[in-house]
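Some notes on the structure that comes next.
The values are calculated or read from the model by the stated rules, or taken from the named source; none is laboratory data. In this text, all values refer to a predicted model and were calculated from it rather than measured experimentally. Backbone-built Cβ (ideal geometry, glycine too); neighbour counts: all protein chains shown.
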């Protein structure tokens with residue numbers, strides 16, 4: 001199932017049967033859990049400014065990567 005926009009995705013979800021929705025939920029559960037864990041880690045790194053954040057920034061500089069922060073409290077719906 002290939003969709004190009006959020007509206008198309010919502011339309012496709014509405015067309016699914018209960019059984020198909022359960023299957024989709026089961027298939028996407030590991031991905032959602034992994035993303036949640038990444039979000040938790042990013043949140044902890046940003047909010048442990050005295051220890052982790054300076055170390056994280058130094059590692060990024062050593063790897064010649066841009067120091068960026070994940071936004072939080074942003075509506076995603």
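Just a few scattered comments:
- Exactly one residue out of 19, 8, 25, 14 is at pLDDT below 90, loosely packed, with under 11 Cβ neighbours inside 10 Å and part of a helix (DSSP H, G or I): that is 14.
- Taken over segment 35-54, the residue count meeting the criterion of being surrounded by fewer than 12 Cβ atoms within 10 Å (Cβ to Cβ) and either within 20 Å of the chain's Cα centre (by Cα) or at pLDDT 80 or above (or both) is 8.
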